[in-house]
Structure formats: structure tokens, C-alpha cells
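Participant: One structure, as C-alpha cells, below. Some questions next.
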Amino acid sequence: MPPPAITVGVLALQGGVVEHIALLHRASSSYPSITFHFLEVRTPEQLSLCDALVIPGGESTTMAIVARRLGLFEPLREFVKINHKPVWGTCAGLVMLAEEASATKQGGQELIGGLDVRVLRNKFGTQVQSFVADLNLEFLGDGEGPFRGVFIRAPVVEEVINGDGKVRVLGTVKKPGEEEDIVAVRQGNVFGTSFHPELTGDVRVHAWWLGNVVEALSQSVKGEDLVIRSGKSVTEQT
Amino acid sequence: MATNLANGLSSISDDFTVKAGLAQMLKGGVIMDVTNVEQARIAEEAGAVAVMALERIPSDIRKVGGVVRMSNPEMIKEIQAAVTIPVMAKARIGHIVECQILEALGIDYVDESEVLTPADDQYHVQKTDFKVPFVCGCRNLGEALRRIKEGAAFIRTKGEAGTGDVVEAVKHIRTVNAEIAQAKAALASEGELGIAKLAREIGADPILLKQTAELGRLPVVNFAAGGVATPADAALMMQLGCDGVFVGSGIFKDALDREHAAKRARAIVKAVANWTDKKALIEASIEHGTAMKGISNADLKEEERLAGRGW
């Protein structure tokens, strides 16, 4: 049974927040029996109200510095890695959810982790190398046509750093004259994309991810209703 | 402001999506003027979303005077090598070749800026001709939409740069807001004819004006700039509806030392990230310490005003 109401947060420290909320609203119409609440998250208290979280694009260095000052890092790590709640990071959000990042600022930058991958920041170069490309995302289902992937100073997944097969590659892109790059990955409750579905009018990735959120919470509600409500869910999805 | 800018501009090209998209990713952030590698590193460590590389901060441009041009590419390259956040740089109004040079340097955003001495008294740069995106200043809605029509993917208020006096930036955002409200009213009461009439009056493209009226905001990201000197100034501009803030002289001018500049930078980032949180604004104001001395806008002679450059 899906829960009657689901609260999805969008981490609102900086970046493309309202774009995600607008597309999540549109995507939620695919699940008419569920009441969705979409919440901008700036504090640990707001995070504690969320069943799932989107970490938007922006500048990952800025987000890390602001998150540290607001005391959000530990609550975010608990949300992602202990409570295993559904989380999706786009661009800077993917960087934040990686266990390792290269091409970071001098002295490195703090990450939340959750994806056993190393991301390479600004893979394609500066803004003049930013681009849009058709992506074949099989998880969206057959016959839907390619997804317009918007890549802005985008990171890519440089390497999966844990060989036990938990990280699933869900999308790649190949720029002319370059090698194929991993641009969408999933590991259990954590999903990451290099590109920005929130900058398109195409609702498919948001709808797919909300479907995953609904599914994960439905499974939790089945056996562990009380545990979920107390915020200590340890739902495993593989 | 729960507006999806990308959806609002559903007819736009991929090229413009990518240009405007970077500005969308900078929202809620602070872009800081820096003149060397050390300042750029201070800005990045403080949490700036981008830096603007220029030879002198605007308050020193006022002091030194003379013709002010694009910065030396050598200095820009050093700053690009020192930080991972986007690096922006200024070109003179209408100076196509300065823009070409900045584009070839791999600058992330060109600011076609009134802070530099204009190179053309008739034309701004045709920004659609470039792959690099542009940010431009405005004092009102007509000026903002003229720049967007030329291809600007990001708008800022002009304010009065280098003064540390926020009054002009406030005037410019209030003017833009009032004219957007006027456009909404015109669309609601008179439809297309109302938009066409207002478009003629303010010298704007009617299609962009209609889009603005429908969105209830500028169709691209809009930051505050020009005279923002303190955390309270920055939060004021956010509360007036700006998407983020450029801080020019306010970080490094009259700073006691490196650490004071770093504290000021952190304080302004904090104020922009928490612009409605009064407790955070108190903390940010304390951390910021003494602000730049500044020049009252009212004391400026007409020829000392930079905002009047461009049209």
C-alpha cells in the first residue's frame, strides 16, 4: 500500500530549487491517490519532515560550505546512508552524493556520500563547452524517445570505486571525439544524474523517480509502519 | 517565486537553455569581484558561487579614473587556474573584440558592463552571436528586455558600482518590479493590445514583455549589483525579489586585513543563503564588521555616475 501522503524535500541552500519543485509538482499528477508535499529544505528540522530528498544543481563548493555552517552535513549523511531514504542529486547534487570527487577546489571539498563512485567535476571544461545531447535512458521505458540531457559545467562519474556491483549505470553520453561518460547512476536509495532534467519541460525522469519513492515507501509501510513514522527506517532496496 | 524559468521559455533554443541554465544554477548565491588569485581563493573558500575577475574593484576604478578596459588576460588566466567555481569577466559595452577574447579564454560569463568605459555609443553587443553567455545591467524593465532580446541570458541591476551605497540598486529593482506589475495588469485588462502599447512605451520586445507578464518575473535570472556593501544590503536585495547578489567593492575595500575580507565574504554568503532568517542576519552583520566607507550616491556628480552608460 502506498502511503496517503509523501513529503519530498528539495535542498535549498543555493541553485536550481524552484525548477525541481515545479517539475515535481507536474510529475506528481501521475500518482493521483497520493498527496505530495514539496518542501524547500534549509534546516535539520525541515529535513526531518522529508520522506525523500532532491539535491539540485548549483555550485557544489558553495552548497558544502553553507551546509557545514547550517549544521546540515550529519543530518544529510544520516538521511542518505543510515535511514536510506530516497535521494536524487542533479549535477552539483551528484557531486555531493559521491564518496569521492576529483578536480575539487584547493584543499578538497566536503561530500555527503552514498554513491560508491568518484566524480570528476567540470569534466567537459568551462561554460562554452556546456551542451545539450539526446540520451537513451532505458529506465524510462521503451518507445518514449530520447531524453534531452542538459549538461552545464557538468561532472561525470569517472569511476565506480566499489566492485561489488551495487552501483548501476543508468545512462551514458558520448561527445564527438571523446570517450563515453557515465552520467546517470543508482545505488539502492541513491540516484544521481550529471544533467539537469529540471531545465527541460520533460517530466519523465521526475515521474520515474517519484515512482521509485512511492515504491520504496510502500514497501516500508507494509512491515515497518511504526519504524518509518519515528524516522528510523532502514529500508534496503537492491 | 515558484517559477520554472526553463518551462516559461519553452520555445527557446538548446543554446539559450545552456546559457540561461548556468545563471539558474547560481541563484541564491553571491558573485564576488576579485582582482588577483589571493582574493579569488578567499571568495571560493567563503562560498561564492562565482568570481568576477577584473583589474580594479569599482571603488578604485572611480578613484583612478581614465579609460577602463577589459582586464589583462594574463590575470584572468591566473584566476581561472586558481579556482573551480565559474569565472566571469567584464567587457566594454559594444566592444565585440573584447568579448571574443574573453570567449576564447574560456570565461564562463561575460559581463557587458557600464563599469568599464563604453566602446560604442550606439550599439550593445549582439550577444546571440556568441557561444559564451552574457550578463548585462539594467535600470528598468525596458532596458532588461532589450538586453535579453540581444541575447543576454542573465540580468543584474546596475545600481551605482563602487559607492557602497545601495540606494540605486534598490531603485532599479523596485522599478523593474513595478513595471512587471504594470505588464501583468496590461495583459489582464487589455490582452495583446495592452502589451503592445506598453512595449512601445518602454522600448521592449512585445513577445518578451508578454512572457514576462505571464511569468510575473523577468524571463531570465536577475541578480542585484551596484552598491551592495553589507549582509543587510544583500538580504534587502533578496527580499526585494533578486535571485542573488553581485558584491564588488564591498568585500575587499577598506578591509583591515586578509582575515577581515574573508569574514566579510563569508558573512555576505550567509546573508544571501538565509535572507529571511533574522538570527542569521544578526550573526552575519557581526561577522562582517566595519563596512567600506563608501560615497553617498547623492554626492556624486552627474559625470561620475556609471549607471547612465548604456541604454
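The values are calculated or read from the model by the stated rules, or taken from the named source; none is laboratory data. Everything numeric in this text was worked out from a predicted model, so none of it was measured. Cβ sites come from the backbone with ideal geometry, for glycine too, and all protein chains shown count toward neighbours. Surface accessibility is based on the protein's heavy atoms, side chains included, excluding ligands, DNA and RNA. Shrake-Rupley method; radii C 1.70, N 1.55, O 1.52, S 1.80 Å.
Participant: Mind giving me the nanometre distance, one decimal, between the label points for B:A178 and A:I82, set 7 Å out from Cα along Cα→Cβ?
Facilitator: For the pair B:A178/A:I82, the computed spacing is 5.4 nm.
Participant: Which of the lysines could a cross-linker bridge to A:K85, judged by Cα under 17 Å and excluding same-chain residues fewer than eight apart?
Facilitator: List returned: A:K166, A:K222, A:K232.
Participant: Also, I was wondering about something else. At 10 °C and a viscosity of 1.306 mPa s, what translational diffusion coefficient does Stokes-Einstein give for the protein assembly as shown, taking Rh as the Kirkwood radius over Cα pairs? Give it in µm²/s as a whole number.
Facilitator: The Stokes-Einstein estimate is 67 µm²/s.
Participant: Right, next: Summing -39500 (n - 2.57) over the DSSP H runs of n ≥ 4 in the protein assembly as shown and dividing by its residue number, what mean residue ellipticity at 222 nm do you reach, to the nearest 500 deg cm²/dmol?
Facilitator: Roughly -11500 deg cm²/dmol at 222 nm, from the helical runs in the protein assembly as shown.
Participant: Can you give me the C-alpha center-to-center distance between region B:47-113 and region B:209-246, rounded to a whole angstrom?
Facilitator: Each part's Cα centre sits 22 Å from the other's.
Participant: Quick check: at a probe of 1.4 Å, how many percent of the accessible area of chain A sits on carbon and sulfur atoms?
Facilitator: Carbon with sulfur: 50 percent of the solvent-accessible area.
Participant: Now, a different point. By how many nm would the segment from A:D134 to A:S48 lengthen if fully extended, with 0.36 nm per residue of separation less the alpha-carbon distance?
Facilitator: Once the chain is fully extended between A:D134 and A:S48, it gains 27.3 nm.
Participant: Using modelled amide H (1.01 Å from N, peptide plane; none on Pro or chain starts), what sits under 5 Å from the amide H of A:G171, excluding residues fewer than 5 places away?
Facilitator: For A:G171, the qualifying residues are A:V183, A:A184.
Participant: Still on this structure: Might you work out the accessible area of B:K184 for me, using a 1.4 Å probe with all protein chains in place, and round it to the nearest 10 Å²?
Facilitator: The value for B:K184 is about 100 Å².
Participant: Take every DSSP beta bridge with both residues inside chain A and express the antiparallel ones as a percent of the total, to the nearest 5.
Facilitator: Looking only at bridges with both residues in chain A, the antiparallel portion is about 50 percent.
Participant: Still on this model: Count the net charge of all other residues whose Cβ sits under 11 Å from the Cβ of B:A229, scoring Lys and Arg as +1 and Asp and Glu as -1.
Facilitator: With Lys, Arg at +1 and Asp, Glu at -1, the neighbours total 0.
Participant: Can you pull the Rg over Rh of chain B, Cα-only, Kirkwood?
Facilitator: On the Cα set of chain B, Rg over Rh gives 0.95.
Participant: Select from chain B the helices, each a whole stretch of DSSP H, whose alpha-carbon atoms run 20 Å or more along the helix axis and whose Kyte-Doolittle mean is at least -0.5; answer none if there are none.
Facilitator: Helices meeting the span and hydropathy rule in chain B are B:167-202, B:258-273.
Participant: So what's region A:41-154 giving for Cα Rg divided by 2.2 N^0.38 Å, two decimals?
Facilitator: Relative to the rule-of-thumb radius for its length, region A:41-154 sits at 1.15.
Participant: Another one. Label points 7 Å out from Cα along the Cβ direction at B:K197 and B:V97: separation in nm?
Facilitator: 4.8
Participant: Calculate, in nm to one decimal, what B:N72 and B:Q126 gain on full extension: separation in residues at 0.36 nm each, minus their alpha carbon distance.
Facilitator: Taking B:N72 through B:Q126 to full extension adds about 17.1 nm, to one decimal.
Participant: Roughly how many whole Å is it from the C-alpha centroid of region B:274-305 to that of region A:182-219?
Facilitator: 42
Participant: Taking only complete DSSP H runs, can you tell me which helices of chain A stretch 20 Å or more along their own long axis by Cα positions and average at least -1.0 on the Kyte-Doolittle scale?
Facilitator: In chain A, the long hydrophobic H runs are A:204-229.
Participant: Given the Cα-Cα distance of B:S189 and B:T290 and 0.36 nm per residue of separation, how much length would full extension add, in nm?
Facilitator: 31.4 nm
Participant: Grab the alpha carbons of region A:1-106, take their convex hull, and tell me the volume per residue in Å³.
Facilitator: 100
Participant: What base-10 log of the normalised intensity I(q)/I(0) is obtained for region B:198-311 from the Debye formula, alpha carbons as equal point scatterers, at q = 0.11, 0.20 Å⁻¹?
Facilitator: With no solvent term, the Cα-only Debye profile gives -0.48, -1.05.
Participant: For region A:5-237, what is the Kirkwood estimate of the hydrodynamic radius, computed as the reciprocal of the mean inverse distance between distinct Cα atoms, to one decimal in Å?
Facilitator: Hydrodynamic radius (Kirkwood, Cα pairs) of region A:5-237 is 17.7 Å.
Participant: Related question: At 7 Å along Cα-to-Cβ for each site, give me the label-to-label distance between A:L39 and B:D205 in nm.
Facilitator: Here the modelled spin labels are 4.1 nm apart.
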